[in-house]
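Encoded as structure tokens, the structure appears first; notes follow it.
The values are calculated or read from the model by the stated rules, or taken from the named source; none is laboratory data. Here the structure is a predicted model, which means the values were calculated and not measured. Virtual Cβ from ideal backbone geometry, glycine too; neighbours counted across all protein chains shown. The protein model used for the area step is the full one, side chains on, heavy atoms only, and it has no ligands, DNA or RNA in it. Shrake-Rupley method; radii C 1.70, N 1.55, O 1.52, S 1.80 Å.
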Amino acid sequence: MECRLCNGRDLYHYYSQGSEGQYLFYKCTNCGLVNLDLKSISITDHQKKYGEIFPDPFDLKINKGSVMTFNFISRYVKTPGNYLDIGCGNGSLLRIARENGWKVKGLELSEFMAQNIREQLDIDVEVSNFLDFEGHGARYDLITLRHVLEHLPDSRLALRKINNLLNDGGYAEFEFPNIEGISMRFGRFLVRTGIYRKRYHQDYVPGHCNEFSYRSFKYLLSVSGFELIRWETYTYNPLKNFIYNRFKIGSKVRAIVKKQ
């Protein structure tokens, strides 16, 4: 198969998922992206499972991740402007941003989630697959994709669209799994050595099609017109978070980038 990020053909089997190991992930030796073999999967058809429950957007405990994200962004983006949240979930990050002076808009794949945000938060949310989203001529100073990038089969197209939607000097904030995080590496080691075998539901289908590391994300930025401002791994445990922010070994990443 061909790498979906760099079009390289030198890939090797990295790990498998599914009760029969039928879902195969291949790592590119050139850019480092881990690609799910999509030849028998329509990945968009399996994203609906993420939009079936609407968590309370005002519950501080449920939405502590949104608070952490906004605090992270605020360290680098000082002046409020126009903000688009792609895959906005329950709208809690949009709510926090609006309370701090931002003009906000959301994009959601789920009509159920979008309708709840409109009714409970009075925030404009458009229902669309981002890779089909045209933007209607609007431009933004900040765009966020929290645990969305890994679900999009064409990450280069996604970054080009983000670049076109941003004003000059605009920022984008990403959050996604770190495929080379220490817990993920350890998990693959346990499976590879036969010490542990994960149980999968009989109807399981992967939701992630591209798994990123620091190396592959930097490559994506280099071909998309963005400068990396900050990359850090994180967790919701305060002590671990202090360590992961500095040593970048956690299984979740947040990164802020600037349009060049």
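Starting from segment 119-216, pick out the GluC sites (Glu not before Pro) whose DSSP state is loop and whose Cβ has at most 10 other Cβ atoms within 10 Å.
134
Cα centroids of segment 5-41 and segment 191-225: how far apart, whole angstrom?
So the two Cα centres are separated by 8 Å.
Over the chain, what is the mean sequence separation of C-alpha contacts under 8 Å (at least six apart), divided by residue count, expressed as relative contact order in percent?
Taking the mean separation of contacting Cα pairs over the length of the chain, I get 19 percent.
Along its three principal axes, how long is segment 1-104 when you only count alpha carbons? Whole Å, largest extent first please.
Largest first, segment 1-104 extends 47, 31, 21 Å along its Cα principal axes.
Working only with C-alpha atoms, what are the Rg and Dmax values of segment 78-181, expressed in angstrom?
Spelled out, the Cα radius of gyration and Dmax of segment 78-181 are 13.2, 40 Å.
Measure of size requested: the Rg and Dmax of the chain, with Cα atoms as the atom set and Å as the unit; please supply both.
18.2, 54
What residue among 147, 13, 201 has the largest mean-square fluctuation in a Gaussian network model of the chain, using Cα springs under 10 Å?
Residue with maximal mean-square fluctuation among 147, 13, 201: 201.
In terms of solvent-accessible area of protein heavy atoms at a 1.4 angstrom probe, what is the ranking of 216, 110, highest value first?
110, 216
Which ³J(HN,Hα) values in Hz, rounded to whole numbers, follow from the phi angles of segment 208-213 under the Karplus curve 6.51 cos²θ - 1.76 cosθ + 1.60, where θ = phi - 60° and Gly and Pro get x?
8, 10, 10, 10, 9, 10
Based on the Cβ-Cβ distance from residue 134 to residue 41, what FRET efficiency comes out when R0 is 25 Å, to the nearest 0.05?
Efficiency at R0 = 25 Å is approximately 0.45.
By DSSP, what percent of the beta bridges with both residues in the chain are antiparallel, rounded to the nearest 5?
The antiparallel proportion sits near 60 percent.
Report the net charge of residues surrounding residue 86, where surrounding means a beta-carbon distance below 11 angstrom and charges are Lys +1, Arg +1, Asp -1, Glu -1.
-1
How would 68, 113, 1 rank on accessible area, largest to smallest, probe 1.4 Å?
Ranking 68, 113, 1 by accessible area, largest first, yields 1, 68, 113.
How big is the dipole moment of segment 125-260 about its Cα centre under a simple scheme where the beta carbon of each Lys and Arg is +1, that of each Asp and Glu is -1, and everything else is neutral? Debye, nearest 20, please.
800
Give me the dipole magnitude in Debye, nearest 20, for segment 28-166 about the Cα centre, with unit charges on the beta carbon: positive for Lys and Arg, negative for Asp and Glu.
Dipole of segment 28-166, to the nearest 20 debye: 560 debye.
Only helical DSSP H runs with n ≥ 4 go in: add -39500 (n - 2.57) per run for the chain, normalise by residue count and round the 222 nm mean residue ellipticity to 500 deg cm²/dmol.
-8000 deg cm²/dmol
At a 1.4 Å probe radius, which order do 198, 218 fall into by accessible area, largest first?
Accessible-area ranking of 198, 218, largest first: 198, 218.
Tell me the net charge near residue 11. Cut-off is 9 Å between Cβ atoms, residue 11 excluded, with +1 for each Lys or Arg and -1 for each Asp or Glu.
Neighbour charge sum, excluding residue 11 itself: 0.
So if I place +1 on the C-beta of Lys and Arg and -1 on the C-beta of Asp and Glu, and nothing else carries charge, what would the dipole magnitude of the chain be about its Cα centre? I want it in debye, nearest 20.
Approximately 1180 debye in magnitude.
Give me the Kirkwood hydrodynamic radius of segment 107-251, using the inverse of the mean 1/r over all pairs of distinct Cα atoms, in Å to one decimal.
17.6
Which residues does the label zone of residue 68 cover in segment 144-162, counting backbone N under 17 Å from a point 7 Å along Cα→Cβ?
145-148
Pairs 218/240; 161/259; 198/248; 218/259; 64/252: which are spaced more than 19 Å apart, C-alpha to C-alpha?
As for pairs spanning more than 19 Å Cα to Cα, those are 218/240; 198/248.
Among 184, 86, 107, which residue has its Cα furthest toward the positive end of the charge dipole of the chain, with +1 on Lys/Arg Cβ and -1 on Asp/Glu Cβ?
Of the options given, the answer is 184.
Local charge sum around residue 127 (other residues, Cβ-Cβ under 10 Å, Lys/Arg +1, Asp/Glu -1)?
-3
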